[in-house]
Structures are given as C-alpha cells and as structure tokens.
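See structure below.
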Amino acid sequence: MIKLHDKYFKPFLSEEQILVAVKSVAEKVAADYKDKTPVFVGVLNGAFMFVADFLKAYPHPCEVSFVKLSSYQGLTSTGIVETLLDPPDNLEGKSVIILEDIIDSGRTLKELVHLFNNTNVKDYKIASLFYKSEVYNGEYTIDYVGIEIPDKFIVGYGLDYLELGRNLREVYQLNQKHMINLVLFGKPGAGKGTQAQFLKDKYNLKHISTGDVFRYNIKNGTELGNLAKSYMDQGDLVPDKVTIKMLEDEVENNPEASGFIFDGFPRTTAQAEALDKFLESRKMKIDATLALDADDEVLIQRLLERGKVSGRTDDQDESKIRNRFEEYNEKTAPLQAYYEAQGKFHTVNGIGAIEDITHRLGKVIEEL
Ligand code: AMP
C-alpha cells in the first residue's frame, strides 16, 4: 500500500503486465503502419511514460510529438477540457496516431477529436493504453487498446492523483474506504447540531459545523474570527470565499475520517458547487442531504429559548433571527433543487422527540 496526499493506493498492475500491454499495442500499430512513417502524438501529461515505452517497442520509422490537455471540473458536472498545447503545425498530409494513457468517460477524447479534425492530417487513429469500457460513452472508435480496466481510480506509470504518483513504475488503484458524507440541511434552530451529535457517534463520522468553527475563531480572536464576527452578529452569511476555504481546511485536516457530517454548510449555491468540486478532486462525494423540516414559528421559539442558555447573541434578538431566516430563504433554500437534481435530497420531519428524529434520520442513512 502507498500513500499519496491523503489517500491510500494498492497495487493493481505490475510493471511487467504494463509493458506486455504496451508492446501489444506497438505490435498492432506496427503491423498496420510499417510502410507509412506515422507521427505518434502523445497526450500530456499522463501519457509520457506510455509514449516512451511505446516508441522503444515500435520497430519502424516514425516521428513523435505531443499535445497537452487539462481536464478539470467546472461549475457544472459536465466538466471542461482545456487545450494547453496545440498539435504541431507540420502534420500536413501525415498519418497520426494519438497515444492516450487512459480513456474513461471520453471527455478528453472528444476534445482530441475536435483538435485533430481542425488539422490537415491525412488520417488519424486513437490508441489508449488503459480503457474503461464500463464508463466510456462510446462516441468515437478507439482503434488500439492496451488493457481494459474496471472503473477504478488508478495512479502510476504517468497517471497522477493531484500530481503525485506519475513516477511509479507500476499502476496502483485507490483503496476505497466505504465513506458516508452527509449534509444536514434546515433552517436555524431545526436541530442540525443536536442531531449531528448523535449521528456522528452512531456512524463514526467527523462533524463539521461551520457556525461552531466561526464561533471558536471568534472566541480565540483569530483573523478569521474577526472577519466573520460582523456578519454573524447581524445574522448575515459570512462571504463564500472565506467560508469555503475554511471548510476545505477542516476536511483536509481530517484525512483519517471515515466520513463527514456537514452542518450549516453549504448555505449558498456557490458553496454547494465548490463542495462538490472539492470532494470530487479528493475522490469523495456527498451521499445524501438530510433536511430537517420545521415550522418558522416553532423555530423562532426554539432559538429564543436557546439564546437564554447558549449566550449566542444571534439567538437573543428576534429581528436577527428573522434576518437569518431571510438569508436562508433567499440563499440556502435554492439548494433543495440543487440536491434534488442529483437525487440526494431527503426531507425528514424535524418536530418531535430528539431520539425519534435521530431514528428518522437513521432510517434514511441506512437505506443509502
Ligand atoms: P449556525 O451556527 O450554523 O447557525 O451559524 C451561525 C452563523 O455563522 C450564521 O448566521 C452565519 O453568519 C455564519 N455561518 C455559518 N455557516 C455559514 C456558511 N456556510 N456560510 C456563510 N455563513 C455561515
């Protein structure tokens, strides 16, 4: 087992297995191109090792060049692929073979096809060392494949996890712990904090309450605390940029957690999108958003009662409470549609005895 950043990876393919696959691709291509002097175009960064070993195994005259693409998650789940290095301009009339390290969804491949359709090459074919047939969208023919692999996240032999692991001679796969990540959703006073205390013990999860983290920082007079204080005192939301960064730091500081309960985050669409993007880059995801439902007037009474004992100034003044509700209705409520669109939104009746509500939440979690 090896560790890269916060994740563990276990051996998947040996150096020998990889080289056999590389050689088989080289031989298939050689049989088709022996009289043609093709140009092999590697797709950076991931394909550099494959290109090197492929060329060593390719027995006939050939040329080599590179393009560079970068695929990152945009704000939507479709993802965007950016071209960082264009195809060389001396490909006119030549036969090109694109060398990819891995083809999974086909997003990068689509961009490659666009790139090469805009050149005046004689023809081009696609060769990929690794190929995830289970997830490939099937849009274009892949002419040469080294090894078909299951839909596992792999690193090594040029492929990375957040830029680490490219230098490994073997290929490793992510050792996926079964993780549950939950968002507790609901208006102020709905019982998110109370329920999180029970759920975190029951399911062995790390509880992150952004409100608690802000209050802790205010108490300790940190820079973050000073920044957040004026917003919190008014019952306004703290700006997204500050809150998102803080949340990401909290997750990063708990690499051993077997899952998280996000309480009071996300509260805006920008936060929800940032959370999805951040989790995806860490090979994690939200499993469910659990919404505690309760009537405004019940909540206001609860908050005023809490204010008497908690000392929270934002709980003691009805106008501040109403402002928090307005912030909720305007900025947080739209997240219901965001999570519904992902099929992850579950509403639970938030009125009743604490243990009954924990039981209702547990039923949803256990069905995930
Ligand atoms: P809470 O303890 O969740 O009721 O949060 C108390 C206050 O902290 C809120 O009224 C906001 O001022 C601030 N806060 C907590 N979480 C967030 C968030 N995700 N985005 C912006 N502000 C937040």
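What is the residue count in region 255-267 for residues that are open to solvent by less than 40 Å² (accessible area, probe 1.4 Å) and more than 8 Å from the ligand (Cβ to nearest atom)? Steps first, answer last, please.
Taking region 255-267 first, the residues open to solvent by less than 40 Å² (accessible area, probe 1.4 Å) are 257-266.
Next cut, more than 8 Å from the ligand (Cβ to nearest atom) only: 257-262.
Qualifying residue count for the region: 6.
Is at least one residue of region 342-353 part of a helix (DSSP H, G or I) and at pLDDT 95 or above?
The initial filter retains those residues of region 342-353 that are part of a helix (DSSP H, G or I), namely none.
Checked region 342-353: no residue is part of a helix (DSSP H, G or I) and at pLDDT 95 or above.
What is the residue count in region 183-201 for residues that are open to solvent by less than 40 Å² (accessible area, probe 1.4 Å) and either of a type in the set (Val, Ile, Thr) or not assigned by TED's automatic domain parsing to the domain that holds ARG267 (or both)?
Here the count works out to 1.
Residue by residue through region 276-297, note down the ones that are farther than 16 Å from TYR328 by Cα and without any contact (Cβ under 8 Å) to a residue 60 or more places away in the chain.
Across region 276-297, the qualifying residue is only PHE278.
For region 250-265, how many residues meet the condition of being modelled with pLDDT of 95 or more and more than 23 Å from LEU292 (Cβ to Cβ)?
Residues meeting the conditions: 0.
Have a look at LYS28, LYS3, LYS34 and point out the one that is open to solvent by 50 Å² or more (accessible area, probe 1.4 Å), at negative phi, at pLDDT 95 or above and not polar (S, T, N, Q).
Working: LYS3 fails: at pLDDT 95 or above; LYS34 fails: at pLDDT 95 or above.
Going through LYS28, LYS3, LYS34 in turn, just one is open to solvent by 50 Å² or more (accessible area, probe 1.4 Å), at negative phi, at pLDDT 95 or above and not polar (S, T, N, Q): LYS28.
Need pairs with beta-carbon distance below 7 Å; first residue over 16 Å from ASP314 (Cα atoms) and within region 220-231, second of a type in the set (Asp, Glu); sequence gap 6+ or separate chains.
none
What residue, among those in region 298-311 that are in a helix (DSSP H, G or I) and without any contact (Cβ under 8 Å) to a residue 12 or more places away in the chain, is surrounded by the most Cβ atoms within 10 Å (Cβ to Cβ)? So that I can check it myself, show each step before the final result.
Just the residues of region 298-311 that are in a helix (DSSP H, G or I), to begin with: 298-310.
Now drop any that are not without any contact (Cβ under 8 Å) to a residue 12 or more places away in the chain, which leaves 301, 305, 307-310.
On the way: GLN301: 12, GLU305: 12, GLY307: 18, LYS308: 10, VAL309: 8, SER310: 13.
Per the stated criteria, the residue is GLY307.
For a quick check of your reading of the model, give me the residue pairs whose first member lies in region 59-77 and is part of a strand (DSSP E or B) and open to solvent by 70 Å² or more (accessible area, probe 1.4 Å), whose second is at pLDDT below 95 and among the basic types (Lys, Arg), with beta-carbon atoms closer than 8 Å and at least 6 apart or on different chains.
As it stands, the answer is SER71/ARG107, since those pairs meet every condition given.
Can you tell me which of (1) touching a helix residue (DSSP H, G or I) at 6+ places or on another chain (Cβ under 7 Å); (2) among the small types (Gly, Ala, Ser); (3) near the ligand (Cβ under 8 Å from one of its atoms); (4) in contact (Cβ under 8 Å) with a residue 40 or more places away in the chain is the one GLY211 doesn't meet?
(1)
Please tell me if ALA196 is aliphatic (A, V, I, L, M) and in contact with a helix residue (DSSP H, G or I) (Cβ under 6 Å, 6 or more places away or on another chain). Please lay out each step first, then the result.
Numbers: aliphatic (A, V, I, L, M): yes; in contact with a helix residue (DSSP H, G or I) (Cβ under 6 Å, 6 or more places away or on another chain): no.
For ALA196, the condition - aliphatic (A, V, I, L, M) and in contact with a helix residue (DSSP H, G or I) (Cβ under 6 Å, 6 or more places away or on another chain) - is not met.
Is there a residue being under 23 Å from ALA272 (Cα atoms), under 21 Å from the mean Cα position of the chain (by Cα) and assigned to a loop (DSSP other than H, G, I, E, B) anywhere in region 354-368?
yes
Could you count how many residues in region 202-253 are open to solvent by less than 50 Å² (accessible area, probe 1.4 Å) and part of a strand (DSSP E or B)?
Of the residues in region 202-253, 3 are open to solvent by less than 50 Å² (accessible area, probe 1.4 Å) and part of a strand (DSSP E or B).
The values are calculated or read from the model by the stated rules, or taken from the named source; none is laboratory data. As the structure is a computational prediction, the values presented were derived from the model and not from experiment. Every residue, glycine as well, gets a Cβ built from its backbone with ideal geometry; the counts of neighbours run over all protein chains shown. Note: areas computed on protein heavy atoms with side chains; ligands, DNA, RNA excluded. Shrake-Rupley method; radii C 1.70, N 1.55, O 1.52, S 1.80 Å.
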